[in-house]
Structures are given as structure tokens and as C-alpha cells.
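Here is the structure we will look at.
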Amino acid sequence: MSDPSEALASAKAAADRLVKAKRLNACLTAPKDLRKSLLAQAQGAHPSGVLYGMPVAVKDNICTLEFTTTCGSKILEGYRSPYEATAVAKLRAAGALIAGKSNCDEFAMGSSTEHSVYGRTLHPFDKARVPGGSSGGSAALVAAGAVPAALGSETGGSVRQPASFCGVVGIKPTYGRVSRYGLVAFGSSLDQIGVLGRSVHDAARVLSVISGRDPKDSTCEDRDPLRLPTVPESLQGFVIGIPKEYFPPDLDPAVRRACDRVIRLFREQGAAVREVSLPHTPYAVATYYIIAPAEASSNLARYDGARYGPRFDGAVDVRALYRATRGQGFGAEVRRRILVGTYVLSSGYYDAYYRKAQQMRALIAQDFRTAFDRGVDLLFTPTTPTAAFKAGEKLADPVAMYLSDIFTVTANLAGLPALSLPIGRIKGLPIGGQFIGQAFLEDELIEAAYAVERVVPATTEA
Ligand code: GLN
């Protein structure tokens with residue numbers, strides 16, 4: 001679109017759809033504020049932008065000027081950022097409309113969007129289930145048709161896992177492809193902003209807009225924005241690796257059937273398919289759950305009641321102020337991560353846990369390099385070991401919750417790009433397949449995903 005009246009109509013329709021989706025508890029912005037803001041944004045949007053008039057919801061751990069940025073936490077209740085994330089600024093410059101803030105696990109720690117102080121987000125197809133997490137609000141809004149695309153964030157799978165659970169496309173870019181400026185830090189060596197979209201094209205075009213250099217983030221590579229590939233005729237010329245560690249004997253047979261169906265399609269589309277081995281995969285979850293909490297414990301030290309958000313006072317001295325604010329402001333999962341992170345970094349345990357985890361991280365990254373050096377272009381795996389689970393099912397068992405990230409954390413540890421797209425249903429619930437690609441070759445992931453999206457029966461039972 002390029003006509004201001006169309007942008008206005010798009011803003012109104014998005015506001016109506018977001019209000020209709022209210023029962024999901026996926027959007028944290030009050031309907032009245034959202035409508036007002038969307039209409040004002042549509043009036044001021046750049047008509048020549050490539051996303052002109054497109055509503056994009058933004059996860060609540062990404063700073064925006066319009067709305068509060070709370071990270072689903074009491075410790076940031078009512079917090080309004082004085083600046084906006086580069087990704088958000090780029091969206092706005094391309095004419096997109098920021099369609100409210102989406103619910104998430106507190107500080108993006110979780111796999112179900114149950115760890116939000118604002119209540120859990122419901123799965124759009126079955127309200128007894130979770131939408132995945134931590135970007136569950138973004139995934140639910142896209143799946144419910146409220147917005148065509150949304151920003152999420154990835155530290156260990158928080159875009160791909162909810163995309164898989166909700167039946168939408170999720171892309172986690174290469175580390176350094178998208179600026180982290182204005183993304184509230186969780187695990188700085190792992191964090192990336194990612195995109196959820198109702199189709200490969202919607203997710204890819206938003207990614208191309210938010211990607212590229214940013215002088216405000218020194219970990220963002222000095223590269224041009226991603227160029228969108230065209231939809232390929234076939235997969236001729238692609239060598240697709242199937243890592244055997246991602247298909248263990250106890251994998252849910254329906255997940256395996258859905259993946260096998262896609263692998264057959266690869267061959268029919270002209271790709272060469274090869275089994276490969278990534279031998280350090282079994283250590284990935286343990287490695288991730290040392291490194292991510294270690295970095296989180298350091299990053300979250302800034303929430304002390306003195307600088308951001310509310311202060312839980314009545315304290316006699318500064319230590320008591322910190323204790324009261326952090327004790328009451330953080331939820332149980334965040335406190336658990338801070339404790340684990342502080343423990344693995346403390347002298348005496350640093351070598352046993354943190355250093356070991358860093359060494360293992362290097363081996364996991366090396367596994368991928370070896371596979372790519374042997375001529376594989378892309379890897380294909382399930383995104384998650386199961387479809388969406390029931391709310392409450394894993395809340396009391398953090399390790400069971402952590403294991404839902406088993407197929408996603410490796411790409412974050414290795415800094416590689418990965419994409420999840422719907423490949424079928426199990427008893428009516430979506431499941432996703434994942435491509436993992438080589439650093440900065442998101443265009444190859446997107447090309448392959450285009451080819452699969454065209455032919456895969458995404459809503460058929462596996
Ligand atoms: N579920 C993972 C965790 O809890 C991943 C989170 C994320 O990617 N932000 O840490």
C-alpha cells in the first residue's frame with residue numbers, strides 16, 4: 001500500500017483484531033491506548049516505506065517510546081523507556097505501525113509464557129495449553145491473525161519454539177545480524193531479536209528491514225541489511241543435512257513422521273539429503289543453562305530499586321533496599337536463574353561449571369562448522385520434541401521445562417541463523433520443522449523455507 005487512507009484502514013483493522021484477541025492475554029497494551037497510538041502512527045507513517053501500514057507487535061522486552069517496556073516483570077511495572085530499540089526505529093522508518101507490546105516470560109526466561117507477572121498467554125487453538133515462550137504473546141497474536149508479524153527475542157529458542165507451538169514462522173538471525181540496542185539484556189552473548197510471521201515472506205521482509213549495521217551496538221556486524229531472496233523453483237543444488245542426534249529413538253513418532261514427510265519433499269524438490277552427526281548435541285541444554293543464567297545474573301544486577309521501575313521501600317539502608325526490591329520485584333524463575341548464575345560464576349565453581357560450559361560451547365559450534373565444511377548447506381531438524389503442552393504441566397519441574405529447548409539452544413550457542421516453519425499437526429496442534437544455516441546466510445534458510453512452505457501440508461495430521 002502507499003495511500004494514507006489505506007494505512008489508516010489497516011491501523012483501524014489491526015486495533016479491532018487486537019481487541020478481539022484480548023482473551024488470549026497476548027497483548028499487554030490497553031485497547032484504548034493501542035487504538036489511539038495506531039491511528040496516530042498511521043497518520044505519521046512514511047508512505048514510501050517497504051512496510052507502509054503494516055502492523056507489527058513488539059515483545060515487551062524491546063524498548064519502544066509509545067508504550068511501557070516491562071519485560072513481563074513487576075520490577076519494571078510502568079517503566080517507559082526514554083529511547084527506542086534500533087529494530088523498532090527501523091520498522092518505523094519503513095512505515096510499519098508498532099501494534100502494542102506482547103506478553104512474555106519474565107525477562108524472556110521461560111518456554112511457556114507462564115512466567116509473566118501479567119498472567120499467562122493462552123494458546124490460540126486450545127486455551128488449556130501454552131503458546132510456548134518466551135515470545136508466546138507475539139506468536140499467539142500472529143497465529144490468531146491479529147498482526148501479520150511480530151518481533152520476539154531469542155536467547156535459546158524463544159522465537160522458534162513458540163512459532164512451532166502456534167503454527168507460524170519464526171526466524172532467529174545470526175548473532176550480530178540485528179542490533180541488540182534497546183533489547184533488554186538477558187544473555188548478551190546469545191540474545192538476538194527475531195521475527196514471527198504468518199508466512200515465510202512476512203517474517204523475512206520484517207527481518208530484512210530490522211537487519212544491518214548499527215553504530216549503537218558494537219556486537220552488530222558492519223553489514224548491509226539482508227537482501228530478500230526470490231522464491232526458488234525447486235531445491236535443486238541444496239545439500240540438506242539431517243543430524244541424527246536430533247532424531248533420538250524416543251522422539252515422538254508423530255514428530256518423526258512429520259519430519260520424514262518434509263525430508264521426502266526435499267528429495268522430490270531436487271535437494272540432496274545426507275545424514276550428519278553433531279556429536280556434542282547431548283550437552284547443549286546443560287551448557288546453555290549454565291551460560292545463560294551466568295550472563296543473566298550479571299545483566300540483571302542493574303535492577304536494584306535505585307535506577308528503574310518501582311522501589312520496594314521501607315528499607316533502613318541501601319542493602320535492605322536492594323533486597324526488598326529484588327526479592328519482591330523478581331518472580332521465582334528469574335530468582336532461580338540469578339542464583340544459578342551467581343553460583344556457577346563464584347570462585348571455586350567457575351572452573352567446574354562456567355569454564356567447562358564455555359569449552360563445550362566451542363565444541364558445539366565446531367560440530368556445525370565440520371558439517372558445513374563437508375558440503376552441507378543447511379540442516380533440518382524438528383523445532384521442538386512435542387506439540388504445545390498443557391498450562392501448569394511443567395511449572396513445578398524446571399528441568400522438564402528446560403528440556404523443551406533441546407533442539408533450539410544449539411543455534412544460539414553457535415551464533416547461527418535458524419528458522420522454524422509449520423510442518424503438520426498432532427491431534428490438531430501445530431508442530432514446526434527447523435532449518436539451521438551458516439552464519440549470515442539467512443537468505444539460504446529463507447529460500448529453502450519458501451520451497452517447503454509451498455508444498456508442505458502444514459495443517460495436515462502427521
Ligand atoms: N526457554 C529458554 C530459557 O528459558 C530460552 C529463552 C529465550 O530464548 N529467551 O532460557
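The values are calculated or read from the model by the stated rules, or taken from the named source; none is laboratory data. Small disclaimer: the values here were computed from a predicted structure and weren't measured. Counting neighbours? That spans all protein chains shown, and the Cβs are built from the backbone with ideal geometry, glycine included.
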Inset, instruction - Within the range 43-98, track down each residue that is assigned to a helix (DSSP H, G or I), touching a Lys or Arg at 6+ places or on another chain (Cβ under 8 Å) and farther than 19 Å from Arg205 by Cβ. - result: Ile75
Inset, instruction - Being out of contact with any strand residue (DSSP E or B) (no Cβ under 6 Å at 6 or more places or on another chain), at positive phi and either within 13 Å of the ligand (Cβ to nearest atom) or not in a loop (DSSP other than H, G, I, E, B) (or both) is the filter here, so list the residues in the range 102-132 that pass it. - result: Phe107, Gly110, Thr113, Gly132
Legend entry - Neighbours by Cβ (under 7 Å, 6+ apart or cross-chain): first from the range 276-289, surrounded by 17 or more Cβ atoms within 10 Å (Cβ to Cβ); second acidic (Asp, Glu) and not in a helix (DSSP H, G or I): none
Inset, instruction - Would you check which residues across the range 313-340 are in contact with a Ser or Thr (Cβ under 7 Å, 6 or more places away or on another chain) and farther than 21 Å from Asn61 by Cβ and list them? - result: none
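Take the residues of the range 158-173 that are farther than 20 Å from Phe440 by Cβ and assigned to a loop (DSSP other than H, G, I, E, B): which is farthest from the ligand (Cβ to nearest atom)? Lay out the reasoning, then the answer.
Initially, the range 158-173 is screened for residues farther than 20 Å from Phe440 by Cβ, giving 158, 161-168.
Imposing the further condition that a residue be assigned to a loop (DSSP other than H, G, I, E, B) reduces the set to 158, 167-168.
Values: Ser158: 3, Gly167: 19, Val168: 16 Å.
Out of the qualifying residues, it is Gly167.
Pick out the one residue from Pro47, Pro55 that is touching a helix residue (DSSP H, G or I) at 6+ places or on another chain (Cβ under 8 Å) and at pLDDT below 95.
Values: Pro55 fails: at pLDDT below 95.
Selected residue: Pro47, the only one of Pro47, Pro55 that is touching a helix residue (DSSP H, G or I) at 6+ places or on another chain (Cβ under 8 Å) and at pLDDT below 95.
Can you go through Phe368, Phe389 and tell me which one is at pLDDT 95 or above and under 27 Å from Ala272 (Cβ atoms)?
Numbers: Phe389 fails: under 27 Å from Ala272 (Cβ atoms).
Exactly one residue qualifies, and that residue is Phe368.
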Inset, instruction - From Ala458, Ala411, Ala357, Ala365, grab the single residue that is within 16 Å of the ligand (Cβ to nearest atom), of a type outside the set (S, T, N, Q) and within 20 Å of Ile171 (Cα to Cα). - result: Ala411
Inset, instruction - Six or more apart or on different chains, Cβ under 6 Å: which pairs go from a residue in the range 322-339 that's in contact (Cβ under 8 Å) with a residue 12 or more places away in the chain and surrounded by fewer than 15 Cβ atoms within 10 Å (Cβ to Cβ) to one that's in a loop (DSSP other than H, G, I, E, B) and of a type outside the set (D, E, K, R)? Could you list them? - result: Gln328/Phe312
Legend entry - Residue under evaluation Cys220, criteria (1) in contact with a strand residue (DSSP E or B) (Cβ under 8 Å, 6 or more places away or on another chain); (2) under 20 Å from Gly170 (Cβ atoms), criterion not met: (2)
Inset, instruction - Can you confirm whether the range 296-303 contains a residue that is in contact with a helix residue (DSSP H, G or I) (Cβ under 7 Å, 6 or more places away or on another chain), assigned to a loop (DSSP other than H, G, I, E, B), away from the ligand (no atom under 16 Å from the Cβ) and touching a residue at least 12 places away in the same chain (Cβ under 8 Å)? - result: yes
Legend entry - In the range 139-154, residue farthest from the ligand (Cβ to nearest atom) [restricted to those that are in contact with a strand residue (DSSP E or B) (Cβ under 7 Å, 6 or more places away or on another chain) and closer than 12 Å to Val169 by Cβ]: Pro148
Inset, instruction - Can you work out which of the residues in the range 390-436 that are over 23 Å from Arg198 (Cα atoms) and small (Gly, Ala, Ser) is surrounded by the fewest Cβ atoms within 10 Å (Cβ to Cβ)? - result: Ala396
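Is it the case that the range 309-320 has a residue that's outside any loop (DSSP other than H, G, I, E, B), among the β-branched types (Val, Ile, Thr) and either closer than 30 Å to Leu413 by Cβ or out of contact with any strand residue (DSSP E or B) (no Cβ under 8 Å at 6 or more places or on another chain) (or both)? Outline the logic, then answer.
Kept after step one, since they are outside any loop (DSSP other than H, G, I, E, B), are these residues of the range 309-320: 318-320.
From the residues that got through so far, the ones that are among the β-branched types (Val, Ile, Thr) too are 318.
With either closer than 30 Å to Leu413 by Cβ or out of contact with any strand residue (DSSP E or B) (no Cβ under 8 Å at 6 or more places or on another chain) (or both) added as a condition, the list becomes 318.
Looking for residues that are outside any loop (DSSP other than H, G, I, E, B), among the β-branched types (Val, Ile, Thr) and either closer than 30 Å to Leu413 by Cβ or out of contact with any strand residue (DSSP E or B) (no Cβ under 8 Å at 6 or more places or on another chain) (or both), one finds at least one in the range 309-320, hence yes.
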Inset, instruction - Give the residue, chosen from Arg369, Arg337, that is among the basic types (Lys, Arg) and more than 30 Å from Ala301 (Cβ to Cβ). - result: Arg369
Legend entry - Subset tally (residues that are in contact with a helix residue (DSSP H, G or I) (Cβ under 7 Å, 6 or more places away or on another chain) and buried (at least 17 other Cβ atoms within 10 Å of the Cβ)) for the range 218-227: 1
